Amino acid sequence: MRILVIDVGGTHIKLLATGQRGPIKIPSGRQMTAAHMVHLVLKAVAGWKYDAVSIGYPGPVVHGRPVGEPRNLGGGWVGFDFRAAFRRPVKVINDAAMQALGSYKGGRMLFLGLGTGLGSAVIVDGAIEPMELAHLPYRKGRTYEDCVGAAGLKRSGKKKWRRRVLDVIALLRRALQADDVVIGGGNAKLLRELPAAVRLGTNVNAFVGGYRLWKGAPTP
């Protein structure tokens, strides 16, 4: 089974399919609607062969459907018929959950994605649960995402941002009783030292997660 994986982010949309050597990046942003994303993806992968599509979506997903518009993209995602647009079976999952699925090695794992915002997911004994921890209050009237997302990095500078990230890891790990913590997302590479039982993931794991959504699909 050949899978096209689409990792939708606030800065880029990344694409990879079974048999392709490396991912393609498409710039995204606040004008990126669902329909425009599909148009650009179909144009970028013209000639690729795939049987099904996995989409990592930067927002809440319930029963395989987006239930809230993304904060850092355009509109039109809720209610959009991705199956009809791609003319293939499609599975939609929260983007952090997709990367968490690709990072999972067993036990009780917390995934935090440091990118434009803050993605989060928990996997317990193989059962995955996307979380919306980003918008919970953290300190001084700001949310977790406000402080450790891209806006918090820009506002605070790297040194203070790193301290905040370590504090958030400790708080959420303790609250969720995680025995394994994976830090992913584009800004994870800015961290210098990590506590015990905390490891860096890679954005490649999002593609692994996209393959794992389909039983029988080969993992790259």
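The values are calculated or read from the model by the stated rules, or taken from the named source; none is laboratory data. Since this is a predicted model, take the numbers as computed values, not measurements. Cβ atoms come from the backbone with ideal geometry, glycine included; neighbour counts cover every protein chain shown. Quick note on the areas: whole protein, heavy atoms, side chains included, nothing else; ligands and nucleic acids left out. Shrake-Rupley method; radii C 1.70, N 1.55, O 1.52, S 1.80 Å.
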Exercise. Which pairs in the list K91/K160; K160/K189; K91/K140; K105/K158; K140/K160; K49/K105 are over 27 Å apart, alpha-carbon to alpha-carbon?
Worked result: K91/K160; K91/K140; K105/K158; K49/K105
Exercise. So, how do all the Cα-to-Cα distances of the stretch 117-220 break down into 5 Å bins, in percent, from 0 on up?
Worked result: 2, 11, 21, 24, 20, 12, 6, 3, 1, 0
Exercise. Using a simple charge model, +1 on the beta-carbon of Lys and Arg, -1 on the beta-carbon of Asp and Glu, nothing else, what dipole does the stretch 1-98 show about its Cα centre, in debye to the nearest 20?
Worked result: 260
Problem set entry | Interchain or long-range residues, amide H under 5 Å from R2's placed H | D51, A52
Problem set entry | Peptides ranked, highest mean first, by Cβ atoms within 10 Å: ranges 127-133, 98-104 | 98-104, 127-133
Problem set entry | Solvent-accessible surface (1.4 angstrom probe) belonging to I55, in square angstrom, nearest 10 | 0
Exercise. Among rounded, prolate and oblate, which fits the stretch 126-175 when a ≥ b ≥ c are the square roots of the eigenvalues of its C-alpha gyration tensor, a/c under 1.5 means rounded, and a/b larger than b/c means prolate?
Worked result: prolate
Exercise. Does the stretch 66-120 classify as rounded, prolate or oblate by the C-alpha gyration tensor (a ≥ b ≥ c root eigenvalues; a/c under 1.5 gives rounded; else a/b over b/c gives prolate, otherwise oblate)?
Worked result: oblate
Exercise. Which net charge results for the neighbourhood of R88, defined as the other residues with beta-carbon distances under 14 angstrom from its beta-carbon, given Lys and Arg at +1 and Asp and Glu at -1?
Worked result: +3
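Could you tell me what fraction of 2.2 N^0.38 Å the Cα radius of gyration of the stretch 170-220 comes to, as a two-decimal ratio?
Numbers: Rg = 13.6 Å, N = 51, 2.2 N^0.38 = 9.8 Å.
Compared with the compact-globule rule of thumb, the stretch 170-220 sits at 1.38.
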For this session: Compute the label zone of D179 within the stretch 101-128: residues whose backbone N is under 13 Å from the point 7 Å along Cα-to-Cβ.
Result: 105-110, 124-126
Exercise. Where does the Debye-calculated log10 I(q)/I(0) of the chain sit at q = 0.15, 0.18 Å⁻¹, using only Cα point scatterers of equal weight, no solvent?
Worked result: -0.94, -1.32
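Roughly how big is the chain's charge dipole about its Cα centre, with Cβ charges of +1 (Lys, Arg) and -1 (Asp, Glu), in debye to the nearest 20?
Details: 33 positive and 14 negative charges, 148 e Å.
Its charge dipole is roughly 720 debye.
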Exercise. Rounded to the nearest 500, what is the chain's calculated 222 nm mean residue ellipticity when only DSSP H runs of at least 4 contribute -39500 (n - 2.57) each, over all residues?
Worked result: -8500 deg cm²/dmol
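Under the rule a/c < 1.5 gives rounded, and otherwise a/b versus b/c splits prolate from oblate, where does the stretch 1-108 land using the Cα gyration tensor? Kindly include the intermediate steps, with their values, before the conclusion.
Values: a/c = 1.36, a/b = 1.01, b/c = 1.34.
Since a/c stays below 1.5, the shape of the stretch 1-108 is classed as rounded.
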For this session: Please identify, among A35, A175, A97, the residue showing maximal mean-square fluctuation in a Gaussian network model of the chain using a 10 angstrom Cα cutoff.
Result: A175
